[in-house]
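A short reminder: the numbers here are calculations on the coordinates, not readings from a lab. Keep in mind the model is a prediction, meaning the values are calculated, not measured. Neighbour counts are summed over all protein chains in view; Cβ atoms, including those assigned to glycine, are modelled from backbone coordinates with ideal geometry.
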Amino acid sequence: MFDGVYFGRSLCYIVCRAENKTIYFRECPETIENIGIMLDDLESMGYVFKSFTVDGRKGVKKYLKRRYPDVPLQHCILHQSAAITLYLIGSPKTECGRELNALSGVLWRTDRTDFEARFKALKRRYADFMKERNENRQFKHRRLRSAFRSIDRNMPDLFTWQENPGLNISNTDKQL
């Protein structure tokens, strides 16, 4: 697992951990180029990657999937839950928002089949609500729509840790 660890706005270390040990750190911005350098450095040190657990930045996920197409990738479920909370501004005002917030809280304790079924049911139940527009023809519930879209986008990588039990994949990168 790896992540950028920030101290303030400008000081960043890319940190990589495996088997509860820090195996790499470097002061640099968290960019695709620097992540590539980290991976090159780790490979030259003899490391082989069995999986990646990442925070979910689209560019990073795309880069890893292209560079290592056969290595399982786990989207950090803590980051996913935090994104939902952020989109819903903490304490949702609508029933749909409260249900989605509650559903994001079970990511730790469910499997793909159950979560996807519950998520799809929630989307169906509130489909008309999510299509509501204001007098300017803009969607009324934009933040809720973003929260749903975030889960849709990240769903393929949310349960990698369960689907590859022999690899002992962490479901969060917050052990850094």
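What the table shows:
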read-out	value
Cα-centred dipole magnitude for region 25-94, charges only on beta-carbon of K, R (+1) and D, E (-1), debye, nearest 20	460
Residue-by-residue Karplus 3J(HN,Hα) for region 64-79, coefficients 6.51, -1.76, 1.60, Hz, glycine and proline x	5, 5, 6, 6, 10, x, 9, 9, x, 10, 10, 7, 4, 6, 5, 5
Spherically averaged projected area of region 47-109 from its Cα convex hull (nm²)	5.3
For Leu158, distant residues with modelled amide H under 5 Å away	His75
Karplus-derived HN-Hα couplings along region 116-124 (A = 6.51, B = -1.76, C = 1.60, θ = phi - 60°), whole Hz, x at Gly and Pro	4, 4, 5, 5, 5, 4, 5, 4, 5
Filter on Lys93/Lys131; Lys58/Lys123; Lys120/Lys140; Lys93/Lys120; Lys93/Lys123 - keep pairs with C-alpha separation over 25 Å	none
Helix-only mean residue ellipticity at 222 nm for the chain, each DSSP H run of n ≥ 4 adding -39500 (n - 2.57), per residue, nearest 500	-13000 deg cm²/dmol
For Ile23, distant residues with modelled amide H under 5 Å away	Cys16, Arg17, Ala18
When the convex hull of its Cα atoms is projected in every direction, mean area for the chain (nm²)	12.0
Placed amide H near Asp3: partners under 5 Å, 5+ positions off or other chain	Val15
Least to most buried among Glu95, Glu19, Glu116 (fewest other Cβ within 10 Å first)	Glu19, Glu95, Glu116
Where only C-alpha atoms are counted, convex hull volume of region 77-156 per residue in Å³	87
Neighbourhood charge, 11 Å Cβ-Cβ cut-off, centred on Phe49 and excluding it, Lys, Arg +1 and Asp, Glu -1	0
